[in-house]
Amino acid sequence: MPLVTTTEMFKKAYDGGYAIGAFNVNNMEIVQAITEAAGELNSPIILQVSAGARKYANHTYLVKLVEAALIENPNIPIALHLDHGADFDICKSCIDGGFTSVMIDGSKYAFNENIELTKKVVEYAHAHGVVVEAELGKLAGIEDDVKVSAEDSSYTQPDEVEEFVTKTGVDSLAIAIGTSHGAYKFKPGTKPQLRFDILHEIEKRIPGFPIVLHGASSVPQEYVKIINANGGQLKDAIGVPEDQLREAARSAVCKINIDSDLRLGLTAGVREVMFKDPSIFDPRDYLKVGRANVKAVVAHKIKDVLGSENKA
Ligand code: G3H
Ligand code: 13P
Ligand code: ZN
């Protein structure tokens, strides 16, 4: 089937009490790993591309890789989404360039400016059959070299969501309830806890509306250990506990964003092979192990965290 928007996926996920995994793609191995796992588990999936991914791999290469994945996995719905679009121009470029969904991330702007920017993107996107995700509230962490400190991050204010959604006409909303980007989400010795009270307040204000959770990697400790045992140096990398993500998936959260866990799986595989046998120089020898780890991460998320198995 051709690329789909997220409209139908989110409606079914909302009603069915599960979430769709949105996984970041940067190269062929990652596209293959995600879509093979989703195909085998009969799960809908969102492949998302950041500005950094477009810079690294080139828009056309990424679109064509995703098109190849559609041919290889004809039975599952796949959406192609722009992750963290910073301005109108990048959203327009992705809408014109074959994406079915874009995020306009106006979270760094004041409320009214965020509304104006989001509305402009929504008007253009909807006129072209593309759906839009926006963000209210600020996540801590790093994305595309923009670093938001924990002090500058702020939870989404439930009081603002209804006005934002009504005035912008946006299709889904990313909220800040304690997740953050990257592999260092919580301080060692503290108890990671998402603010489900804020999420439930938001659900009440905009019933039936799909919510998105960014920064939702759980930072699998087995991969952190493998990386560190094979020359890596990841200290105190801590993610979101998976039971809390499962709880989120049962709520109005319809899209859960995961990138760091894929990076960890890929890096663990590559490091393990190269460290054990320094004579290896055929990229296929180490990339295939990294790719298998990424596939295992995605399969685990679909089955044990998102609940999207057999929902295609
Ligand atoms: O939200 C951030 C994603 O992990 C994408 O990261 O901007 O380094 O590609 P990136
Ligand atoms: P992680 O860094 O937790 O994987 O978050 C990814 C993300 O939110 C992409 O938009
Ligand atoms: Zn994000």
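The values are calculated or read from the model by the stated rules, or taken from the named source; none is laboratory data. Here the structure is a predicted model, which is why all the values come from computation and not from measurement. Don't worry about glycine lacking a Cβ; one is built from the backbone with ideal geometry, like all the others, and counts go over all protein chains shown. Each accessible area value is taken on the protein alone, full model and side chains, heavy atoms only, with ligands, DNA and RNA left out. Shrake-Rupley method; radii C 1.70, N 1.55, O 1.52, S 1.80 Å.
Two numbers describe the Cα atoms of the chain: Rg and Dmax, which are 18.5, 60 Å.
Please return the longest stretch of the chain lacking exposed loop sites, where chymotrypsin sites (Phe, Trp or Tyr not before Pro) count only if DSSP places them in a loop and at most 13 other Cβ atoms lie within 10 Å. It would help to have the intermediate numbers written out before the result.
On the way: sites that count: Tyr109, Phe281.
That would be 110-280.
Once you have a ≥ b ≥ c as the square roots of the Cα gyration tensor eigenvalues for the range 23-87, tell me rounded if a/c is under 1.5, and otherwise prolate or oblate according to whether a/b is larger than b/c. Display every interim value, and only then the final one.
Values: a/c = 2.21, a/b = 1.72, b/c = 1.28.
Because a/c hits 1.5 or more and a/b exceeds b/c, the range 23-87 counts as prolate.
Bridgeable aspartates and glutamates around Lys235 (alpha carbons under 17 Å apart, same-chain partners fewer than 8 residues away excluded): Glu222, Asp261. For the range 119-233, the tally of Lys pairs with Cα-Cα distances below 25 Å comes to 18, considering only residues 8 or more apart or on different chains.
For Gly106, the residues whose amide H sits under 5 Å from its own are Glu135, ignoring neighbours fewer than 5 places away on the same chain, with H placed 1.01 Å from N. Surface analysis of the chain yields an accessible area of 44 Å² per residue, using protein heavy atoms and a 1.4 Å probe.
Calculate, for Asn310 and Asp236, the FRET efficiency according to 1/(1 + (r/R0)^6) with r their C-beta to C-beta distance and R0 51 Å; round to the nearest 0.05. Walk me through the numbers on the way to the answer.
On the way: r = 37 Å, r/R0 = 0.73.
In this case the efficiency is close to 0.85.
What's the extension gain from Asp159 to Asn27 if we count 0.36 nm per residue and subtract their Cα-Cα distance?
Working: separation 132, 0.36 × 132 = 47.52 nm, distance 4.01 nm.
Computed gain between Asp159 and Asn27 is 43.5 nm.
Extension gain for Glu247-His200 works out to 15.8 nm (0.36 nm per residue, less the C-alpha to C-alpha distance). Can you bin the range 1-158 into rounded, prolate or oblate? Criterion: square roots of the alpha carbon gyration tensor eigenvalues sorted a ≥ b ≥ c, rounded for a/c under 1.5, prolate for a/b above b/c, oblate for the rest. In terms of gyration-tensor shape, prolate. In this label model, Ile71 and Asn112 are separated by 5.2 nm, measuring between points 7 Å along each Cα→Cβ vector.
Only Lys, Arg, Asp and Glu carry charge here, each on its Cβ (+1 for the first two, -1 for the last two); on that basis the chain has a dipole of about 580 debye about its Cα centre. For the range 71-123 versus the range 259-306, the spacing of their alpha-carbon centroids is 29 Å. Projecting label points 7 angstrom from Cα along Cα→Cβ for Asn228 and Lys191 puts them 2.3 nm apart.
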